[in-house]
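**Student:** Quick one: structure below, then a few questions.
The values are calculated or read from the model by the stated rules, or taken from the named source; none is laboratory data. Keep in mind that this is a model prediction, so the values were computed, not measured. Cβ placement follows ideal geometry from the backbone for every residue including glycine, while neighbour counts extend to all protein chains displayed.
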Amino acid sequence: MRRVLLTGATGGLGQALVPALLDAGYRVRATGRSSALGERLRRQGADFHAADLCDPDAVSTLSKGVDLVIHAAALSSPWGAPTAFEAINVTATARLLEAARAAGCDAFIHISTPSLYAEPRDRLGLTESCPFAARPANDYVRTKQRAEALVLAANAPGFATVALRPRALVGPADRTLLPRLQRVARKGVFPVFREGRALIDLTDVRDAADAIIAADRNRAAIAGRAFNISGGAPLPVHALLDVAFDALGLAPKRVHLPYGGAAIWAHVLEQVCARLPGRPEPPVTAYTLATLAFSQTFDLTAARRDLGWTPRRAPADAIRWAAAERDSHASL
């Protein structure tokens, strides 16, 4: 039985991945910050340990006796303190890599991000050979790019490293996509840019979990590589909003706004908030606006060919499933 350490197990992806790993025959040691969610994972069959990956001793202890590390923990936010992103996304990743090698693990799968490509322009059919954005969109993207580079550089005989970049994860425990849409929509007005034509590639967390397991099963053949992962069926923003608002029981008025003016205003808000005590998150960031205004889609040829994986859930169905199951996760 293959033994795996899963970091970020109490996040949206982790909560879908634990049962998928158990069903696939793995023995799962899971870690995360939420003890309440950890108890749920224990009931499912995981060996859960609440831990801080910034603690070197905790990382060393967690890594002992496992064959594979799946590193899904990260500070994922469009805003925050640069030092926090550096500590969690870069330093903790480097520390975990070192501990995994020292413990004799044979594989390390890193959950990266396709936001490495994010720019205020349409980018269609992106492959793994396409260049990243000339300038990282924010501190999250900057530090995730550095972390991915560390992981891929660590690939060596007997220690296969792989990076997966799942786009816009959707699931019941999602704390990003649906909650942010809901938060804005509850105000009664929702801004739309460029007529809502931008194409958004979503990924059901169950499909992402399948891709991770496929990566481990094919680790020898794909070692040292990164793969883009998505649902493979992009939706225009206006269609995504139709599905999401219907599933959430909301009907905000959609207001069409010029992107250029909104982007300037977002940059001003960022500059102001960066100088305020505590660096409060602005009401909107330039990165968030760009994700709604510009297309980003992916060519999944490499994942289909080399992982033997293909997405099985339609994005609209993923949204409806996530919305319907959210109540079971909301109290934890």
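**Student:** Whether any residue in the stretch 15-25 is surrounded by fewer than 23 Cβ atoms within 10 Å (Cβ to Cβ), modelled with pLDDT of 95 or more, of a type in the set (A, V, I, L, M, F, W, C) and farther than 19 Å from Pro166 by Cα is what I want to check.
**Tutor:** Yes, the conditions are met somewhere in the stretch 15-25.
**Student:** Touching a strand residue (DSSP E or B) at 6+ places or on another chain (Cβ under 9 Å) and at pLDDT 95 or above: is that true of Leu41 in this structure?
**Tutor:** Working: touching a strand residue (DSSP E or B) at 6+ places or on another chain (Cβ under 9 Å): yes; at pLDDT 95 or above: no.
Criteria not met by Leu41.
**Student:** Quick one: how many residues across the stretch 132-152 are in contact with a Leu (Cβ under 9 Å, 6 or more places away or on another chain), charged (D, E, K, R) and over 18 Å from Ala286 (Cβ atoms)?
**Tutor:** Result for the stretch 132-152: 1.
**Student:** Considering every residue within the stretch 190-200, establish whether at least one is within 30 Å of Thr161 (Cβ to Cβ), touching a residue at least 60 places away in the same chain (Cβ under 8 Å) and basic (Lys, Arg). First the steps, then the outcome.
**Tutor:** Residues of the stretch 190-200 within 30 Å of Thr161 (Cβ to Cβ): 200.
Narrowing further to those that are touching a residue at least 60 places away in the same chain (Cβ under 8 Å): 200.
Those left that are additionally basic (Lys, Arg): none.
No, there is no match, as no residue in the stretch 190-200 is within 30 Å of Thr161 (Cβ to Cβ), touching a residue at least 60 places away in the same chain (Cβ under 8 Å) and basic (Lys, Arg).
**Student:** With respect to the numbered conditions (1) in contact with a helix residue (DSSP H, G or I) (Cβ under 7 Å, 6 or more places away or on another chain); (2) part of a helix (DSSP H, G or I), which one is the sole condition not fulfilled by Tyr287?
**Tutor:** So the condition that Tyr287 fails would be (1).
**Student:** Kindly evaluate Ala209 against the criterion of being of a type in the set (Gly, Ala, Ser), surrounded by fewer than 16 Cβ atoms within 10 Å (Cβ to Cβ), closer than 26 Å to Met1 by Cβ and in contact (Cβ under 8 Å) with a residue 40 or more places away in the chain.
**Tutor:** Numbers: of a type in the set (Gly, Ala, Ser): yes; surrounded by fewer than 16 Cβ atoms within 10 Å (Cβ to Cβ): no; closer than 26 Å to Met1 by Cβ: yes; in contact (Cβ under 8 Å) with a residue 40 or more places away in the chain: yes.
No, not satisfied.
**Student:** Are any residues in the stretch 66-108 aliphatic (A, V, I, L, M), under 30 Å from Gln271 (Cβ atoms) and in a helix (DSSP H, G or I), and if so, which ones?
**Tutor:** Selection gives Ala84, Ala87, Ile88, Val90, Ala92.
**Student:** Restricting to the stretch 29-39, give me the number of residues that are crowded, with 19+ Cβ neighbours inside 10 Å and either in a loop (DSSP other than H, G, I, E, B) or not β-branched (Val, Ile, Thr) (or both).
**Tutor:** Here is the first cut: in the stretch 29-39, the residues crowded, with 19+ Cβ neighbours inside 10 Å are 29-32, 37-38.
With either in a loop (DSSP other than H, G, I, E, B) or not β-branched (Val, Ile, Thr) (or both) added as a condition, the list becomes 29-30, 32, 37-38.
Matching residues across the stretch 29-39 total 5.
**Student:** Let me ask something additional. Which condition breaks for Asp242 when tested against (1) outside any helix (DSSP H, G or I); (2) at pLDDT 95 or above; (3) farther than 19 Å from Thr176 by Cβ?
**Tutor:** (1)
**Student:** Considering only the stretch 42-65, how many residues are within 22 Å of Asn89 (Cα to Cα) and assigned to a loop (DSSP other than H, G, I, E, B)?
**Tutor:** At the first step, the residues of the stretch 42-65 found to be within 22 Å of Asn89 (Cα to Cα) are 48-64.
Still in the running and assigned to a loop (DSSP other than H, G, I, E, B): 51-55, 64.
So the count comes out to 6.
**Student:** Next question. Using beta carbons and a limit of 8 Å, which pairs, at least six apart or on different chains, have the first residue in the stretch 82-95 and more than 17 Å from Pro56 (Cβ to Cβ) and touching a residue at least 12 places away in the same chain (Cβ under 8 Å) and the second one crowded, with 18+ Cβ neighbours inside 10 Å and aromatic (Phe, Trp, Tyr)?
**Tutor:** Correct list of pairs: Phe85/Tyr140.
**Student:** Which members of the stretch 270-297 meet the condition of being surrounded by 12 or more Cβ atoms within 10 Å (Cβ to Cβ) and of a type in the set (Lys, Arg)? Working first, answer last.
**Tutor:** Filtering the stretch 270-297 down to residues surrounded by 12 or more Cβ atoms within 10 Å (Cβ to Cβ) leaves 270, 273-274, 279, 281-282, 284-297.
Hit for the stretch 270-297 is Arg279, nothing else.
**Student:** All but one of (1) within 15 Å of the chain's Cα centre (by Cα); (2) in a helix (DSSP H, G or I); (3) at pLDDT below 95; (4) not charged (D, E, K, R) hold for Leu181; which doesn't?
**Tutor:** (1)
**Student:** Of everything in the stretch 114-173 that's aromatic (Phe, Trp, Tyr) and part of a helix (DSSP H, G or I), which residue is surrounded by the most Cβ atoms within 10 Å (Cβ to Cβ)? Break it down stepwise before answering.
**Tutor:** Step one: list which residues in the stretch 114-173 are aromatic (Phe, Trp, Tyr), which gives 117, 132, 140, 159.
Still in the list and also part of a helix (DSSP H, G or I): 117, 140.
Numbers: Tyr117: 19, Tyr140: 22.
Looking at the filtered set, the residue picked out is Tyr140.
**Student:** Sticking with this structure for a sec: Kindly evaluate Leu300 against the criterion of being of a type in the set (A, V, I, L, M, F, W, C) and buried (at least 19 other Cβ atoms within 10 Å of the Cβ).
**Tutor:** Spelling it out, Leu300 is indeed of a type in the set (A, V, I, L, M, F, W, C) and buried (at least 19 other Cβ atoms within 10 Å of the Cβ).
**Student:** Select from the stretch 224-238 the residues that are in contact with a helix residue (DSSP H, G or I) (Cβ under 7 Å, 6 or more places away or on another chain) and assigned to a strand (DSSP E or B) and write down the one among them that is surrounded by the fewest Cβ atoms within 10 Å (Cβ to Cβ).
**Tutor:** So in the stretch 224-238, the residues in contact with a helix residue (DSSP H, G or I) (Cβ under 7 Å, 6 or more places away or on another chain) come out as 224, 226-229, 231, 233, 235-238.
Now restrict to residues that are assigned to a strand (DSSP E or B): 226-229, 235-236.
Values: Ala226: 20, Phe227: 23, Asn228: 25, Ile229: 28, Leu235: 21, Pro236: 15.
Checking each candidate, the answer is Pro236.
**Student:** Hey, among the residues in the stretch 184-223 that are assigned to a strand (DSSP E or B) and not charged (D, E, K, R), which one's nearest to the chain's Cα centre (by Cα)?
**Tutor:** Taking the stretch 184-223 first, the residues assigned to a strand (DSSP E or B) are 189-193, 199-200, 203-204.
Now restrict to residues that are not charged (D, E, K, R): 189-193, 199-200, 203.
Working: Val189: 27, Phe190: 24, Pro191: 24, Val192: 24, Phe193: 24, Leu199: 18, Ile200: 15, Thr203: 10 Å.
Once the filter is applied, the top-ranked residue is Thr203.
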